[in-house]
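In what follows, a structure is listed as structure tokens, so that the remarks can point back to it.
The values are calculated or read from the model by the stated rules, or taken from the named source; none is laboratory data. All values derive from a computational prediction rather than experimental measurement. Cβ: placed from backbone, ideal geometry, glycine included. Neighbour counts: every protein chain shown. Heavy atoms of the whole protein, side chains included, go into the accessibility calculation; ligands, DNA and RNA do not. Shrake-Rupley method; radii C 1.70, N 1.55, O 1.52, S 1.80 Å.
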Amino acid sequence: MVQSAMWKFRGSCMMLMRREGKQVVYLGTAFVVHRDGYLLTAARLIGDGTETSELVVAPADLEHTFAPITIETVAPLPVVVAQIDRQRDVALLRFDPPLEVVVPDRIIGNPTAYFDGSSVMALGFSFAHYRIHNPIARSAVISARICTDDGTNMMLIDRRVHDGDVGGLLVCLEDERVIGVLLGRFDPSDLRKDEHRDDVQIITVMSLAVSVEYGAALMQAEGLTIA
Amino acid sequence: MSETVPQHTTEPEEEQKWYSIDVHPYVFFISAAIILASVGFTIINHEDVLQLFERIQLGIAELAGWFLVLTMNVILVFVLALLVGRYGDVRLGGEYAEPEFTMRAWFAMLFSAGMGIGLLFYGVAEPMFHFVASPLAEPGTPDAARVAMDLTFLHWGLHPWAVYSMVGLSLAFFCFNKGLPLSIRSVFYPVLGERIYGPVGNVIDILATVATLFGVATSLGLGVQQVNAGLDHLFGIGQSPWIQVALITGITLLATWSVAAGLNAGIRRLSEINLLLAVLLLVFVLIVGPTLFVLNAFGENIGYYIQSLPRLATWNETYEATTWQHGWTVFYWGWWIAWSPFVGMFIARVSYGRTIRQFILGVLFVPTLITFLWVTVFGNSALNIELLGAGGIAEAVQENIPVALFLLFENFPFAEVTSGLAVLVIITFFVTSSDSGSMVIDIITAGGNPDPPLLQRLFWAILEGVVAATLLVGGGLVALQTAAIATGLPFAAVLLFMCYSLRKGLAQYSGPQGFKLPPYEHGRRLRTTVSYPTPPTFGRRRFLIGRKKRSRGESGGAQ
């Protein structure tokens, strides 16, 4: 099942970068969600909007069975922020100039339709900060679905994701649809800011993803049909 | 905060004003122009036009009858294969789509649009025709009665509903699951690709619009002549074009109200009332008629139909060298095929949220079973009178089909009640055929918008009545109806193409799919570089960064 989901979404997964002169600096993962050239990612990767450098994305090397670890130079595609929801930590990007992408028929899932314990796949460029430019898939299960104090629906999964995975996609393996946007590793103290003690470090192997419903809301606000 | 992810919906995105216009410029104006020009030309030359299309239809029956027979069978097998195959679980509108209408409302609308008025008259007339002029048995014998029911079942049974199922399924799938417009052109997307939005697609939609309008309008025009004959028989009101125009006006006003009220408030309610009245009439005739004979016949007719279906469905009169099929089976196949864009489109519009298996069970088998019950109650009641009673129905059918229906009722108690109820059912069937036809044309000419603005709905509903009345008074109803049926042959080829396209679309939908970027201008290549995760994640990194900062006496807390 992971194989099938990976096959479906590997072309969706892009490296989100910021252009700095003749270089690109890796920020995190973004993924295509609409044929009109829209991508979802984590809002935290975008910065506060004051940056002047250009946001770009670059696809992975999908031509080789055993892809080289590092892509020395990329031909990036410029993107702009179409919609952003900083409270839920989700952003909708758009290719600029516009680009139509061939996409599967079903992309966005319904996180309320699955049970805790459902199998999922996390996909992102885990180590692209260190110039390891391979999309990496991990299988996991939904350990819990939680609602934070500010009313944000999130999912905990029983696998560790890395900094490069932030903005990546969480796919339900049952129907191969995206149900969440990866936000990174999970620390309970982050969710209980008022109560945790600074000297207590809680190390978990779990990770956090925000429900894709907020991404879907951004797509709707942009006037897109959700498939 | 929403609980569910919004899915595709057939509801309009924003409220439209009644005077809003949302037309596909080419399809709307060219279709309207062709319709008006054709009506004008036919009124002036209706004899010539009639002769021309009669010759064409005769030629189709003689030379291409085998092709229509083959096409109908291919479509039936294709639909049955979809029913039992792996695509049966695909839900129209996506996995989380919920049906827009209840089962009762859905069946009511399917049946009212799909068969309607024809069944009311031919439920009695067709078995009678075959009984007195049987192609496969000694006329007037019990064997001829059995064959008559069998042939009627063939013409009104699984084959027409299979065609409607296939067209409806194709339209619903490509609209609700692939996000294409609810329009005939969309069905060809897997084969034609983006060209469906160009001239080829425009031509397909214009042909569908013109054929649908002529099909519905001429049926309305010819049908009111029959209604007038029936009313004259009952109440002695006489028969004249002006009475018929008045009937068309009344029916068109009701249909216009229904279309203007919308699918849910108008067409659905009217269809439910229509079906309720039809069931009342059916039960009433069953009770006051030869109940036991009809009940015995129902099972026997179905059994005989199943046994002889492969033989009759593939029969081409090859060894008899006769032409009986030209006027019956081939005519019916051309008729159903010509009507399939209209009925299929309407069925698609009301079937959002059903799985393909539910769709086929609902569209192929349930209406077929209701049709069989209807034909058995009315046809076998008439046959009972011919075989075991006073007779006279067969003779009346030859003279006047609608009058035969009322003559049948006169053989049973409470004839006034049944006749009155039948008139009511006839009128509501007319209205439901007319409103669904208008709605289909509205959708196609609005570029596939499932909820076109009110002004357009009014325009097409009224135009349909005006065309019917004009042709009735000026002449040319039969000519244009013949022309509409003659489109059955080219459209049969289109239907086969549609089967291939639907199969391909479903295979793509259910098979492995992926994302693919188109070729794009690369521009300058940029070097990748080692970087560090600037935005901290939830968890340990943030925690550690905060601690380190604080330990150095700097402002703590990551962003």
For segment B:27-510, the Debye formula with one identical point scatterer on each Cα and no solvent gives log10 I(q)/I(0) at q = 0.08, 0.10 Å⁻¹ as -0.44, -0.71
If the chain between residue B:387 and residue B:67 were fully extended at 0.36 nm per residue, the gain over the current Cα-Cα distance would be 111.5 nm
Karplus-derived 3J(HN,Hα) from phi for segment B:439-449 (6.51 cos²θ - 1.76 cosθ + 1.60, θ = phi - 60°), whole Hz, x at Gly and Pro, runs 5, 4, 5, 4, 5, 5, 6, 9, x, x, 6
Taking the alpha-carbon centre of each part, the distance from segment B:65-85 to segment B:258-308 in Å is 26
Distance in nm between residue B:365 and residue B:493 label points, each 7 Å along Cα→Cβ, equals 3.6
Helix B:158-172: inclination vs chain B longest Cα principal axis, degrees, rounded to 10, gives 30
Between residue B:265 and residue B:466, the FRET efficiency computed from the C-beta separation at R0 = 30 Å comes out, to the nearest 0.05, as 0.75
As straight-line cross-link partners of residue B:504, the qualifying aspartates and glutamates (C-alpha separation under 20 Å, not fewer than 8 residues apart within one chain) are A:105, B:89, B:95, B:194
Share of Cα-Cα pairs in segment A:10-103 beyond 17 Å, whole percent, is 48
On the accessible surface of segment A:111-212, probed at 1.4 Å with all protein chains in place, carbon and sulfur together account for a percent value of 52
Computed ³J(HN,Hα) along segment B:322-337: with the Karplus parameters 6.51/-1.76/1.60, θ = phi - 60°, integer Hz and x for glycine or proline, the list is 9, 10, 4, 5, 4, x, 10, 4, 5, 4, 4, 4, x, 5, 4, 5
Computed, not fitted: 222 nm per-residue ellipticity of chain A from DSSP H runs ≥ 4 (each -39500 (n - 2.57)), nearest 500, equal to -2500 deg cm²/dmol
Expressed in angstrom and rounded, the centroid-to-centroid distance over alpha carbons for segment A:1-54 and segment B:168-206 is 33
Rounded to the angstrom and largest first, Cα extents along the principal axes for segment A:89-158 equal 38, 28, 28
Nearest 10, in degrees from 0 to 90: the angle of helix B:477-486 to the longest Cα principal axis of chain B is 50
Bounding extents of segment B:397-530 in its principal axis frame from Cα atoms, largest first in Å, are 94, 34, 31
Any residue on another chain or 5+ positions along whose placed amide H is under 5 Å from the amide H of residue A:146 is listed here as A:154, A:155, A:156
Binned at 5 Å starting from 0, the alpha-carbon pair-distance distribution of segment B:24-138 in whole percents comes out as 2, 8, 6, 8, 14, 18, 16, 13, 9, 5, 1, 0
Phi-derived 3J(HN,Hα) across segment A:79-86 with the Karplus relation (6.51, -1.76, 1.60, θ = phi - 60°), rounded Hz, x for Gly and Pro, is 10, 10, 7, 8, 8, 9, 10, 5
Expressed in angstrom and ordered largest first, the alpha-carbon extents of segment B:274-318 along the principal axes are 42, 26, 15
Checking segment B:294-326 for chymotrypsin sites (Phe, Trp or Tyr not before Pro) in a loop per DSSP with at most 12 other beta-carbon atoms within 10 Å yields B:319
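Per-residue ellipticity at 222 nm for chain B, helices alone: DSSP H runs ≥ 4 residues times -39500 (n - 2.57), over residue total, nearest 500 deg cm²/dmol? Could you put the intermediate results ahead of the total?
Values: 23 runs with 385 residues, N = 559.
Mean residue ellipticity, 222 nm, calculated: -23000 deg cm²/dmol.
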Residue B:516 and residue B:307 label points (each 7 Å along its Cα→Cβ direction) are spaced in nm at 5.4
Amide H proximity to residue A:120 below 5 Å, modelled H, separation 5+ or other chain, gives A:140, A:141, A:142, A:173
Here, segment A:111-212 modelled as identical Cα point scatterers in vacuum has Debye log10 I(q)/I(0) at q = 0.21 Å⁻¹ of -1.05
Helix B:46-84: inclination vs chain B longest Cα principal axis, degrees, rounded to 10, gives 60
Excluding residues fewer than 8 positions from residue A:22 in its own chain, the aspartates and glutamates with Cα under 13 Å of it are A:54, A:72
Semi-axes (Å, rounded, descending) of the ellipsoid equivalent to the protein assembly as shown per its C-alpha gyration tensor are 63, 26, 24
Taking r as the C-beta separation of residue B:95 and residue A:80 and R0 as 41 Å, the FRET efficiency to the nearest 0.05 is 0.80
Note: residue B:81 to residue B:203 extended length (0.36 nm per residue) minus current alpha-carbon separation gives 40.8 nm
Extend 7 Å from the Cα of residue B:410 along its Cα-to-C-beta direction; within segment B:225-248, residues with backbone N under 17 Å of that point are B:227-239
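Output the Kirkwood hydrodynamic radius of segment B:98-249, Cα pairs only, in Å rounded to one decimal.
19.1
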Distance in nm between residue A:130 and residue B:235 label points, each 7 Å along Cα→Cβ, equals 9.0
Listed by chain and number, the residues whose amide H is under 5 Å from that of residue A:133, excluding neighbours fewer than 5 places away on the same chain and using placed H, are A:70, A:71
Largest first and rounded to whole Å, the semi-axes √(5λ) derived from the alpha carbon gyration tensor of chain A read 25, 20, 19
For the pair A and B, the solvent-accessible area buried on both sides (1.4 Å probe; DNA, RNA and ligands excluded), in Å² to the nearest hundred, is 5600
Output ordering of B:493-504, A:33-44, B:343-354 (per-residue mean of other Cβ within 10 Å, highest first) is B:343-354, A:33-44, B:493-504
